[in-house]
Amino acid sequence: VETVLFYLHRLVAVGTRANASATYRYLAYFSSVTLSRLECLLGDYRASIAALDVIYDPEAELVAVGEDMKSPEELVNSVFSARLSLSYHAGVSYLMLRRYKDSASALGGICVFMQRGFKTGQLRKIPGSEQFSKLFDRMIALLAILSHICPTSFLEDNIAAIVREKHANTLSKIESGEEGYEDLFVFACPKFVNPAVPDYSQALKPGATAVPYGQDAYKLQVQHFMNEMAAHQTLRKMRSYMCLYTSIDVEKLASFNDMK
C-alpha cells in the first residue's frame, strides 16, 4: 500500500508542475482519482477529499483534448469510469466526515446521470457496464441513509422515488426505532482495506483462526459509522418534537428527551 501511495503522490506532483507535458498532466488528474479512492478504502476520508483538490482547482491550466480545451474536472468527467469512481468514493468520504449535503450532491448528481444512461442504453456501450447497476444500487442505499439523517429536499424527484421504492421498508423500521442503518451501510460501503502487512507466521500456526484479511478494517469503519448514527437517534427525536411545536421552552424540550 505504501508503494502504491508513493507512486500516486509522485505522479500527481510531477503532473501538476508548471510546464508539465500533456501526458504527465493526464496521468496526474487520473492518478488523483485513484488516490482519492485508495485513501477512502484506507479510511482516511480527509485525505480522500484532499486528493481531489488538483481536479477542482479553479486556477488549473486547461488541458488539450483533441481540438478542445478542457478543465481538469471536464477531463475526468469525460471518462465515465473515472467520474463514477470519483463520485462514489467522494460521497462515502463526505458521509463519514458528516458533510451530508456534500455527500448527497456528489451521489445524487451521478445517479441522475446514470438513470438517464440506463434509459437510453448509452451506459451499456461502455466497458464494465455490468458493474454499473450494482454500484448504482449501492449509491441509492447511501442516499437512503442521507435522506433520513438530513431530511432536506436535495434529491431530484426521480431519484427520491427510487430511494423510496427500494428502501421504504428499511427506513420505516429505522423511524420506528429498529435497526436498519447498519444493513444499508454494509450493503453500500466499499471494501475497506488494511494497510498493514498480514502476519503470515501467525496464520500458518496449527489451530489459527481463518479470519479474512482486511476484516478488522472493515469492522472498524462499520462501527465508526454506527457510532455516528447512534448520536442521530437523539437528534431525530428532538427534531420530531420541534416539528410539533411552533414554540417550546428549552426546559420542556429537555424533559421530553430525559435531559436535565
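Applying the selection to segment 1-49, what residues are open to solvent by 50 Å² or more (accessible area, probe 1.4 Å) and small (Gly, Ala, Ser)?
Here is the first cut: in segment 1-49, the ones open to solvent by 50 Å² or more (accessible area, probe 1.4 Å) are 1-4, 6-7, 9-11, 16-19, 21-24, 26-27, 30, 34, 37, 44, 46.
Result: 18, 21, 22.
For residue 49, the conditions (1) within 17 Å of the chain's Cα centre (by Cα); (2) more than 30 Å from residue 217 (Cα to Cα); (3) among the β-branched types (Val, Ile, Thr) all hold with the exception of (2).
Scan segment 19-64 residue by residue and report those that are part of a loop (DSSP other than H, G, I, E, B) and touching a strand residue (DSSP E or B) at 6+ places or on another chain (Cβ under 6 Å). Spell out how you get there, then give the answer.
Filtering segment 19-64 down to residues part of a loop (DSSP other than H, G, I, E, B) leaves 19-21, 43-44, 51-62.
Residue satisfying the conditions is 62 alone.
When we screen 164, 99 for residues that are without any contact (Cβ under 8 Å) to a residue 24 or more places away in the chain and within 13 Å of the chain's Cα centre (by Cα), the only hit is 99.
Okay, residues lined up against (1) surrounded by 12 or more Cβ atoms within 10 Å (Cβ to Cβ); (2) modelled with pLDDT under 90; (3) among the charged types (D, E, K, R):
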position	(1), (2), (3)
170	yes, yes, no
189	yes, no, no
205	no, yes, yes
211	no, yes, no
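Scanning segment 53-98 for residues that are among the charged types (D, E, K, R) and crowded, with 17+ Cβ neighbours inside 10 Å yields a total of 2. Selection of segment 123-137 for residues being open to solvent by 50 Å² or more (accessible area, probe 1.4 Å) and either among the polar types (S, T, N, Q) or closer than 12 Å to residue 87 by Cβ (or both) yields 131, 133.
Would you confirm, using the coordinates I've provided, whether residue 164 is open to solvent by 40 Å² or more (accessible area, probe 1.4 Å), under 26 Å from residue 222 (Cβ atoms) and outside any helix (DSSP H, G or I)?
Working: open to solvent by 40 Å² or more (accessible area, probe 1.4 Å): yes; under 26 Å from residue 222 (Cβ atoms): yes; outside any helix (DSSP H, G or I): no.
Judged against the criteria, residue 164 is not a match.
Among the residues that make up segment 99-113, is at least one of them open to solvent by less than 70 Å² (accessible area, probe 1.4 Å), in contact with an Asp or Glu (Cβ under 8 Å, 6 or more places away or on another chain), within 27 Å of residue 222 (Cα to Cα) and not in a helix (DSSP H, G or I)? No, segment 99-113 contains no residue that is open to solvent by less than 70 Å² (accessible area, probe 1.4 Å), in contact with an Asp or Glu (Cβ under 8 Å, 6 or more places away or on another chain), within 27 Å of residue 222 (Cα to Cα) and not in a helix (DSSP H, G or I).
The values are calculated or read from the model by the stated rules, or taken from the named source; none is laboratory data. Just so it is clear, the model here is predicted, and its values are computed rather than measured. So basically every Cβ, Gly included, is an ideal-geometry build from the backbone, and we count neighbours across all protein chains shown. Each accessible area value is taken on the protein alone, full model and side chains, heavy atoms only, with ligands, DNA and RNA left out. Shrake-Rupley method; radii C 1.70, N 1.55, O 1.52, S 1.80 Å.
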